[in-house]
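What follows is a single structure, written as structure tokens, with notes after it.
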Amino acid sequence: MEWPLHLHDLEFTVRESSRRKTVSLGIERDGRLLILAPQGTSRQTIEEFVRSRLGWVYGKLSRKTDLYRPAPLREYVDGEGFLYAGRSYRLHRVNHSADGSALKLAGQWFELLNSEVERGREHFIAWYTAQLEDWAQQQVIRLAPRLRRLPVNLRVTELGDRWGAASRTKSVTLHWRVALLPRRIAEYVLVHELVHLEFHHHRAEFWQRLEVMLPDYIERKSWLALHGADYDL
């Protein structure tokens, strides 16, 4: 159940869920203000919670222009830049592909078949997804000796405004956009979710364990908050 809440000069979307036990407040990638609340929470309780966090909200909104930029408008023309693993590669449209691939990375260029330009976004997402799945699986193998819980399933898909997710069934999911990030930032996203297999919360124990795995996680987390919006398709 969702409903709008207007408070001061701000507009929030309240999303109620029977699975939630506490009220929380967040800002989505597009800048929308979202309140997550247990089913049946009174309007007064929610308003009091929001008032207690107004300083935080206004602080975040003051950086809204920098943090929540719209996705670039893609034309899929020769020379257009596309990110992968933190680097920009130019697009080269071709008439033929020796291996039949609609899209591939060849040296410093992405090669896209002219006949598939209208499906350019679809092909890029599929390519990013496949590359990220391979990379993430390799990282889990590398990190396995240091992990207390291993995922039984790891997949890549569209996750909306989230970079990753971990379930109590030991499944880890990554947004395909993680493939665009610099590898050290992608590693932060992955390890963050892997630690969630052990701690299903963001309390002190979670952050302490994450720091053991990634001593500079705060730097990586801050970088993602400041620059993550630039890494889109």
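Put simply, the Cα atoms of the chain extend 64, 45, 30 Å along their principal axes, the longest span coming first. How much of the pair distance distribution for the stretch 147-195 lies past 16 Å, counting alpha-carbon pairs only, in percent? Every Cα pair in the stretch 147-195 considered, those over 16 Å come to 33 percent. If you plug the beta carbon distance of residue 7 and residue 206 into 1/(1 + (r/R0)^6) with R0 = 30 Å, you get a FRET efficiency near 0.50.
Across the options 157, 218, 92, the greatest Cα extent toward the positive end of the charge dipole of the chain (unit charges at beta carbon of Lys, Arg, Asp, Glu) belongs to 218.
Projected over every direction and averaged, the convex hull enclosing the alpha-carbon atoms of the stretch 102-233 yields 8.8 nm². Summed over qualifying helices (DSSP H, 4 residues or more, each -39500 (n - 2.57)) and divided by its residue number, the chain shows a 222 nm mean residue ellipticity of -10500 deg cm²/dmol. Along the stretch 99-116 the Karplus relation, 6.51 cos²θ - 1.76 cosθ + 1.60 evaluated at θ = phi - 60°, assigns HN-Hα couplings of 9, x, 6, 6, 9, 8, 9, 10, x, 9, 10, 8, 10, 10, 5, 4, 5, 10 Hz to successive residues, with x for each Gly and Pro.
Note on the stretch 81-125: Kirkwood radius taken over Cα pairs, Stokes-Einstein applied at 25 °C and 0.890 mPa s, translational D equal to 231 µm² s⁻¹. Rounded to the nearest 0.05, the FRET efficiency derived from the C-beta distance between residue 141 and residue 162 at R0 = 25 Å is 0.55. For the stretch 128-230, the dipole from Cβ point charges (+1 on Lys and Arg, -1 on Asp and Glu) about the Cα centre works out to 320 debye, to the nearest 20.
None of the figures in this text is laboratory data; all of them are computed from the coordinates on show. Quick caveat: nothing in here was measured; it's all calculated off a predicted structure. All Cβ positions, glycine included, derive from the backbone under ideal geometry; neighbour counts span all protein chains shown.
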